[in-house]
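The values are calculated or read from the model by the stated rules, or taken from the named source; none is laboratory data. Small disclaimer: the values here were computed from a predicted structure and weren't measured. Here the Cβ positions follow ideal geometry from the backbone for every residue, glycine too, while neighbour counts run over all protein chains shown. Side chains included, ligands, DNA and RNA excluded: accessible areas come from the protein's heavy atoms. Shrake-Rupley method; radii C 1.70, N 1.55, O 1.52, S 1.80 Å.
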2 protein chains.
Amino acid sequence: MDYITIIGLSAAALGGISLFPQVLKVLKTKSTKDISREMFLILACSILLWLIYGILLKNAPIIIANFFGFVQALIILFYKTKNQMKKRT
Amino acid sequence: MDYITIIGLSAAALGGISLFPQVLKVLKTKSTKDISREMFLILACSILLWLIYGILLKNAPIIIANFFGFVQALIILFYKTKNQMKKRT
C-alpha cells in the first residue's frame, strides 16, 4: 500500500471516529442547543455517500469507519430533533 | 468519470460544506457550550489529511472542499477555545 493511500485511509478513519466525543457529550448532557442540525444532516448525507462509495469499492476500512460515523451522526440528530420537538410542544 | 468517482466526490463536497451551518450558528450565537472540542479537533485533523491527500493526488475538488472545511473547523475551534478560556479566567 502506497503512502498516499495510507493518508487517505487515515483521513477516513479519523473522520469516522471524530463524532464519538460529540456523541458522548450529547448522551451525558442531553443538551444540543449549540449544535447545528443542518450541519449534522449534511454530514450524515456525506457519510452515507462515503459508505455507499466504500461498499461499491469493496473497501473494508471505508465501510467500517463510515458505518460507525453514520450511526453516530444519527444519534446526535435524534437528540437534536427530540430537543427541538420538546421546545415546540 | 465513472459513477463511483462521482459518489466519492459528492461525499467529499458535502463533507466540506457540512461545517458551514455550524460556523454560521457559532458566529451568530457566540455560544459553543454543547459543542465537543475533541470532535472538532479530530475532524480538523481528518480534514487536513484529506487536504494533503488531495494535494498529493492533484485532485482539485478534494483540495477545494477540504480547504474550506479546514478553515471552517478552525473557526469553530477558535470560538470553542476562546469560550473555554473565558470561563477559566
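Listed values, structure above:
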read-out: Answer from B:S36, B:S46 - the residue that is at the interface with chain A (Cβ under 8 Å from one of its Cβ atoms) and out of contact with any Pro (no Cβ under 8 Å at 6 or more places or on another chain); value: B:S46
read-out: Flag if B:L9 is more than 9 Å from chain A (Cβ to nearest Cβ), hydrophobic (A, V, I, L, M, F, W, C), more than 20 Å from A:G54 (Cβ to Cβ) and out of contact with any Cys (no Cβ under 7 Å at 6 or more places or on another chain); value: no
read-out: Meets criteria (at negative phi, in contact (Cβ under 8 Å) with a residue 40 or more places away in the chain and surrounded by fewer than 21 Cβ atoms within 10 Å (Cβ to Cβ)) for A:I64; value: yes
read-out: Selection count where residues are open to solvent by 20 Å² or more (accessible area, probe 1.4 Å) and more than 27 Å from A:K25 (Cα to Cα), scope segment B:36-61; value: 10
read-out: Pairs with Cβ under 9 Å, 6+ apart, first in segment B:1-22 and surrounded by 17 or more Cβ atoms within 10 Å (Cβ to Cβ), second among the basic types (K, R); value: B:P21/A:R37
read-out: Flag if A:I35 is closer than 16 Å to B:I35 by Cβ and among the β-branched types (V, I, T); value: yes
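For (1) at pLDDT 95 or above; (2) facing chain A (nearest Cβ under 7 Å); (3) closer than 14 Å to A:P21 by Cα, each residue gets a yes or a no:
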residue	(1), (2), (3)
B:V23	yes, no, no
B:T32	yes, yes, no
B:L41	yes, no, yes
B:W50	no, yes, no
